[in-house]
Amino acid sequence: MGSVFRSEEMCLVQLFLQSGSAYDCISELGEMGLVEFRDLNPSVNSFQRRFVSEIKRCEEMERILGELTVCGLSAVVPQEQLQRLEVELSEVARNKEKLQRNLLELTEYTHMLRITRTFVHSRSRVSASIPLGSRFVSGLIHRVKVEAFERMLWRVCKGYTILSYAELGESLADLDTGEISTNVVFLISFWGDQIGQKVQKICDCYHCHLYPHPDNDEERADVMDNLRTRIQDLNNVLHRTEEYLRQVLQKASESAFTWVVQVKKMKAIYHSLNLCSFDVTNKCLIAEVWCPVNDLTNLRGALEEGSRKGDATVPSFVNRIPSNDTPPTLLRTNKFTSGFQSIVEAYGVGDYREVSPAPYTIITFPFLFAVMFGDLGHGMVMACFALWMVLTEKSHKRKRSDNEVRTFKGRYIILMMGLFSVYTGLIYNDCFSKSLNIFGSGWSVRAMFTDQNETLQTNTLLILDPNVSGVFVGPYPFGIDPIWNMAVNRLSFLNSYKMKMSVIIGVMHMSFGVVLSVFNHLHFKQRFNIYLLFLPELLFLLCLFGYLVFMIIYKWLAFGARDSRLAPSILIHFINMFLMQGGDNTPLYPGQTGLQVFLVVVALLSVPVLLLGKPVYLYWLHRGGKSLRLRRVSMVERVVAVGFQSSLLPFCLVNVLSIFQFDFGDVFLHQAIHTIEYCLGCISNTASYLRLWALSLAHAQLSEVLWAMVMRLGLRMTSRLGVLFLVPVFSLFAVLTVSILLVMEGLSAFLHALRLHWVEFQNKFYHGTGIKFAPFDFSALPSVFEQDGLL
């Protein structure tokens, strides 16, 4: 089998990297994504490894990146250039902050001079009450502090101050916090140095912004002119500073994505180098990696390219080594098969070199979904939606849309489910709960009621007898005849048809899973499992439920319209089969009772073989005589030789250990659990496939109810207003169809198809206990960027 049907063959490889070219070699391996590194220093703390300082420098660059991202830059640069950029931006930002603070102070000073001028003029009109030699303190204070500030001045200064204040007409940013607040301008007149010191302390306590007060109007005018000039100059400087900052950020952001990739790659490379160990001379790094056997040539080429870039005098080389550790599992996929592989791996990652269910899931999963979802109209809507996602895939990737429905790997799964639903919709002849009469019905009423017009007029229901010549011409060419859509017994007919179809599909699906286990037994050199596991399992399944499928198909073929009333019940015959008696029922064919007894006996005899065969064989192999021991030694040598040649050494060693280290109790207990699970599972799993019938029936009935209760109301109106009324009715029908039948019913059918594959199909041959191959690959970095918010 190729790599599509089972995982890639892996090998453990030692890499000998020269210290000078190790970084370049690891970089080349990351670009190609060929290997998975093993940690050769498991006992060494993460903070005590060789390249911790380099990783810290990369993290420092990431920290700087986070700060620059706030400024609108999503970039990382080489370390020296990034540090220079950080220093330059920090200095420009500090200068800008100082300029903004100076501009705010000058603005406050201007407002203070304008408002205090009115205070001085109002006091000059009552100058007789103001003693000579008074001095002034002026500034701004928050409005919420004014009342407390005034009381404190009165109590401390004993009334030797005069306070005047007025609210500022506009809100300004606070100098310390930067928050927008409403301020009050105040002017305090006082006498004496001691009072002045107290006023100064009170202003400091309330965090007032104090500014010098001019002594006369001429000085005030000069200060106002000077402030206007300085404010204009500061605005010009601030504008140039912001323009310069914008230019620096724009220039840095031109190579933003390249810088991000570079630093992320550097950090990943140093993390990988920390997994390596040094030789005794500290001149060579030794790494152990898992690598696909088919990629060994590419691995050697990557090391040669890295050595050439690092100007190494001694080239790096590869040494393949044996190992008894279980290799990781690698299954190569593309954008079409990756979605189906994800469905399989959601159950569990396959064991190394185990048969993969993914290639078969590409067909069986959408088919089982379509059996439950079969509707031509709904399938076409789903297929068109998925086709739109597939065709616009590249444009959505360029936009980096957050909508996962557009970008996730399941768009091809939806496309396949839609196409298969169209196929099963044609089989069911069901399109939005209506049948399509494409080829013409095979039933005709004329042959029975040509001369009985009274019968046609007085009876709402007519029974068509296929035994009458001309009533039934022949079967419908493709799918179910559309006349069944009008039949009263349509539901009972479809129930019988879909129930039997579900059993047939289920038994075929489970039998196929059992057959696939043969390829595992052959590949892992366990031929005794074919006779002791595969054959009893297959006989048990086919002798009971395979025979049930045979009876269903035989009854369809053996009984026609004329003798259909004589057809016996399959269910009664199946029950009598286990009772080993014929009963009073008419047999399906001659010799039925004897054949059924034989099949039950074979099924019952396969149970002890399945239960005891493998434990007894292994016990006999372990406790055999001298000749058998010689055979075991030769078999061990042969198994180990095969393991070295085919990279199946871990599994061959397991077989060898099972020969020399054998515990009959453990083996028997494991086999007893497997036998009970399989025998009971065959019964429960066959019944589980009846969900195909149940969900198909539910989907058809919901579709019919939706048509009858919504769409039919709009179609009944024959007046001109009916056309206008049909628009909202169709809109409601479309919304309910998408939300209920496509989304909810589609999700339900998807989950049930998932369960049928995981439980009923895959457990027959798929263990799913492996370890996924996680290569050192730079192509996974964009997802890391999105998590860090760098893209």
**Study point:** Projected-area average for region 91-249 over all orientations - Cα convex hull basis, square nanometres
**Key:** 10.7 nm²
Review point. Tell me, how many Å apart are the Cα centres for region 684-749 and for region 296-369?
Key: 45 Å
Check your understanding: By average Cβ neighbour count within 10 Å, what is the ranking of 331-337, 535-541 from highest down?
Key -> 535-541, 331-337
Revision key, fill the gap. With the dipole of region 91-249 defined by +1 on each Lys or Arg Cβ and -1 on each Asp or Glu Cβ, the option from Phe119, Asn216, Gly169 whose Cα lies farthest towards the positive pole is Phe119
Study note, to complete from the structure: To the nearest 20 debye, region 91-249 has a Cα-centred charge dipole, built from +1 on Lys and Arg Cβ and -1 on Asp and Glu Cβ, of 480 debye
Review point. Considering amide H positions built from the backbone, and no H for Pro or chain starts, which residues 5 or more places from Asp430, or on another chain, come under 5 Å of its amide H?
Key: Leu376
Review point. Residues with amide H under 5 Å of Asp351's amide H, sequence separation 5 or more or different chain, H placed in the peptide plane at 1.01 Å from N; which?
Key: His767, Gly768, Thr769, Gly770
Check your understanding: If the cut-off is 28 Å between C-alpha atoms, which lysines fall inside it for Lys500, apart from same-chain ones fewer than 8 positions away?
Key -> Lys434, Lys555, Lys764
Exercise for review: Hand me the GluC sites (Glu not before Pro) from region 230-309 located in a DSSP loop with no more than 15 other Cβ atoms within 10 Å, in residue order please.
Suggested key: Glu254
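To make sure I understand, if each residue's beta carbon is the centre and we count other beta carbons within 10 Å, what order do Val13, Val318 fall in, fewest to most?
Least to most surrounded, the residues fall as Val318, Val13.
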Review point. Quick one: Phe545, Phe439, Phe369, Phe472, fewest Cβ neighbours within 10 Å first, how do they rank?
Key: Phe439, Phe472, Phe545, Phe369
Revision key, fill the gap. Scalar couplings 3J(HN,Hα) for region 30-35 by Karplus 6.51 cos²θ - 1.76 cosθ + 1.60 (θ = phi - 60°), nearest whole Hz, x for Gly and Pro, are x, 5, 8, x, 9, 10
Revision key, fill the gap. Taking Trp290, Trp388, Trp707 and counting other beta carbon atoms within 10 angstrom, the fewest-first order is Trp388, Trp707, Trp290
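The numbers here are math on the coordinates, done by the rules we state, and not lab data. Remember, it's a predicted structure, so these values are computed and weren't measured experimentally. All Cβ positions, glycine included, derive from the backbone under ideal geometry; neighbour counts span all protein chains shown.
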